[in-house]
Amino acid sequence: MKFEKPKILLVDMPDDVFNMISDLGYNVSKGSFGKPYKVKISADYEPIIYCSSLGNIDNINEKEIVFINLKAEEPIEKPINKNYLRPLEETNLWAKCSWGKIDPRPLSMLYKSEGFDRILDYGGLFVIFAEPRKSYELVWGNHKYSSFQIEKNANMDNWSFLSFFNSGSIEIKSITGEEIVIPDNQHSLSDFFRKNFSDFRYTTSFNPVWLGNGKWKTILKNKFGDPIAAYIYFNNHKGKCLILPQMSKTPSQILTLVKEVLPEISPHLFPHYEGSKWIQRDEYEIPSIISFKKEIEKIKNRAQDEIVSVEKIITRERDKFDFLHNILIQGDDELVGSLINALHYIGFQKIEDVDSKEDEKNKQEDVQILDFSPKLLVEVKGLSSPPQESDVLQVVKYVRRRMKEWKITDISGVFVVNHQKNIPPLERNNISVFTEQQIKDAIANDILLITTWDLHLIIKAMMKWGWSFDNIKENFYTKGRFNIIPSHYKEIGQIQNYYNEINVISVKLLDTIDVNDRIGFFTHSGFLEEEVSSLQINTNPVESAEVDSIVGIKTCYSKSQLKKGMIVYKII
């Protein structure tokens, strides 16, 4: 039997491991970062020869499981692939010859790290047999004009095969021992280590420093409590790293990892793996359970039919009220039509789309609202930034023109803006979208300033809480910054505190309040309303509370919704 997946890569692992895994039908390749080689001991630098055999492997970045043995072999007499070196006058990686040997693996890791990062980013699994970080004196340099020139230091070592390990995310120390403590909560990993830990010899301990979006789980400790094996997984993808101490790495041990342990860690890489789930196949299952399973399938089918039906309703509703979202995303030309639909929903009837009738040379206001006196001339803008002075006051000249043309004076201007249209509304500057000077100028020129976010919140409140046109109509016939609070909201105080354990707000009253009264709040994301179910003064239940008393009001809303200082309104 041949398993197309997972695609396994063995790096510097014993040949007999490759042979056994391959013989059992696994899709496996092997290669090496290279072997250390001897050089003459000196204080000089020599260029590192690229000795890796990984370049001979096809599509290395499509591998899904990578075993890496970091234990360096004894140095050989001379490097393999001696011709694999760029001209010395070009930039090369050079190593100091102080130790009489050069380890070419950091250079090989550099060339493969991008591909290995890709494997991890797309859900791959790395199994690493650890060794301590080695201290290398590496530099980038060249040999020009008969002298060696250092360009810069090279921050690389024998853990540079993944950017994650090369970023200082984990402190890796040298510590040697054989006594290992196995935690009880590792499931298949625990079983594996209990059976195989007798020949472990650890040389390395780890200390997670900053993992970013990674999560760390210690799976083996030494007698002093230092982590010597770990399991690292990431929030934003399925990629994982399993770091193990050195062990004999017999084929049977590696095969156990591949067949029993790794499928539980990364099941998406083993489409053929069942484990003990075969007992749930119909040919082995209990008859009554088979009947229940069939019943589940019927329920799923009925539920799916209902879901499809509701999804069609959602689509119809979204199409019907698409203007409610469009006024938050559209620019000038498209925005006018969506704004007209929004105004119709609010309750205005006599609305003229001037923008579609006037040619560019005779450009006037975009919309006219002719229901009441004064007549409203509306200028509409969809902007990527807050409005400028010229945007706000543009409608003033249209008001003056229409006064002369219609020979009347009861005309006011309205400036409607979808500001910062390229970002979500709750991330926009909604509080001070208009400057103080813009508001003063609007008042002086009888102009109303309103955002499409204001309109969005009003319409949602009408839909959710049943507001009528009369509740909000007069707000459109004012000047300066639009007042979003409806006429049937009467301020009765501010939230002084929120008692989280009992869901009660305390309010010093500006007006009376009774049990069963209806109250409302204006939050950054819209209006909330509820009936008063319980009142307390000094922890004593009351049916009514008078002006100036501090009353506790039971609420159905959370502390994250009702903030200290928020105004409480009684709904008339």
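Things to note:
- Taken over region 530-571, the criterion of being closer than 17 Å to Val515 by Cα and of a type in the set (Lys, Arg) is satisfied by Lys554, Lys570.
- If you go through region 224-259 and keep only what is within 25 Å of Asp117 (Cα to Cα), touching a strand residue (DSSP E or B) at 6+ places or on another chain (Cβ under 9 Å) and either in a helix (DSSP H, G or I) or acidic (Asp, Glu) (or both), you end up with Ile254, Leu257, Val258.
- The single condition among (1) closer than 27 Å to Ser205 by Cβ; (2) out of contact with any Cys (no Cβ under 7 Å at 6 or more places or on another chain); (3) surrounded by 18 or more Cβ atoms within 10 Å (Cβ to Cβ); (4) not polar (S, T, N, Q) that Val181 does not meet is (3).
- Selection count, region 449-464, where residues are in contact with a strand residue (DSSP E or B) (Cβ under 8 Å, 6 or more places away or on another chain) and of a type in the set (A, V, I, L, M): 5
- Only a single item in (1) exposed (fewer than 15 other Cβ atoms within 10 Å of the Cβ); (2) of a type in the set (Val, Ile, Thr); (3) within 25 Å of Leu335 (Cβ to Cβ) is not met by Thr523, and it is number (3).
- Scanning region 208-233 for residues that are of a type outside the set (Val, Ile, Thr) and touching a Lys or Arg at 6+ places or on another chain (Cβ under 7 Å) turns up Pro227, Ala230, Tyr231, Tyr233.
- Elements of type strands (runs of 3 or more DSSP E) contained in region 44-146, each with 1 or more residues being more than 29 Å from Gly214 (Cβ to Cβ): 45-47, 92-96, 138-144
- Applying the set (1) modelled with pLDDT of 95 or more; (2) among the aromatic types (Phe, Trp, Tyr); (3) within 38 Å of the chain's Cα centre (by Cα) to Tyr477 leaves exactly one unmet item: (3).
- Any chance Ile431 is hydrophobic (A, V, I, L, M, F, W, C) and modelled with pLDDT under 95: yes
- Criterion (more than 27 Å from Leu426 (Cβ to Cβ), at pLDDT 95 or above and not in a helix (DSSP H, G or I)) met by exactly one of Leu376, Leu328: Leu376
- Number of residues in region 15-42 that are within 18 Å of Lys259 (Cα to Cα) and in contact (Cβ under 8 Å) with a residue 12 or more places away in the chain equals 12.
- Any pair with Cβ under 6 angstrom, 6 or more apart, that starts in region 170-183 at a residue that is acidic (Asp, Glu) and ends at one that is part of a strand (DSSP E or B) and at pLDDT 80 or above: Glu171/Asn207
- Matching residues, region 1-31, being assigned to a strand (DSSP E or B) and of a type in the set (S, T, N, Q): Asn27, Ser29
- Tally of residues being under 22 Å from Ile340 (Cα atoms) and surrounded by fewer than 21 Cβ atoms within 10 Å (Cβ to Cβ) across region 398-410: 3
- Candidates Ser174, Ser146, Ser167, Ser198 - the one that is at pLDDT 85 or above, out of contact with any helix residue (DSSP H, G or I) (no Cβ under 7 Å at 6 or more places or on another chain) and surrounded by fewer than 16 Cβ atoms within 10 Å (Cβ to Cβ): Ser174
- Those residues of region 410-430 which are hydrophobic (A, V, I, L, M, F, W, C) and either in contact (Cβ under 8 Å) with a residue 12 or more places away in the chain or within 29 Å of Ser373 (Cα to Cα) (or both), in sequence order: Ile411, Val414, Phe415, Val416, Val417, Leu426
- Whether a residue is buried (at least 21 other Cβ atoms within 10 Å of the Cβ), outside any strand (DSSP E or B) and in contact with a Lys or Arg (Cβ under 7 Å, 6 or more places away or on another chain) was assessed, and Gly34 passes this test.
- Some residue of region 338-345 being surrounded by fewer than 17 Cβ atoms within 10 Å (Cβ to Cβ), closer than 23 Å to Thr409 by Cα and in the same structural domain as Ala461 (by TED's automatic domain parsing): no
- Taken residue by residue, region 333-348 has no member that is assigned to a loop (DSSP other than H, G, I, E, B), of a type in the set (Asp, Glu) and without any contact (Cβ under 8 Å) to a residue 24 or more places away in the chain.
- Taken as a whole, region 291-313 holds no residue that is in contact with a strand residue (DSSP E or B) (Cβ under 7 Å, 6 or more places away or on another chain) and of a type outside the set (Ser, Thr, Tyr).
- Sole exception among (1) of a type outside the set (A, V, I, L, M, F, W, C); (2) crowded, with 19+ Cβ neighbours inside 10 Å; (3) at pLDDT 90 or above for Lys96, by number: (2)
- No other residue among Asp548, Asp517 is farther than 30 Å from Glu427 by Cβ, out of contact with any Ser or Thr (no Cβ under 7 Å at 6 or more places or on another chain) and surrounded by fewer than 15 Cβ atoms within 10 Å (Cβ to Cβ) apart from Asp548.
- Here the condition is being closer than 18 Å to Pro541 by Cα and of a type in the set (Phe, Trp, Tyr); of Tyr477, Tyr498, it holds for Tyr498 alone.
The values are calculated or read from the model by the stated rules, or taken from the named source; none is laboratory data. Bear in mind the structure is a predicted one, so any value in this text is a computation, not a measurement. Positions of Cβ are generated from backbone atoms using ideal geometry, with glycine treated the same way; all protein chains shown enter the neighbour counts.
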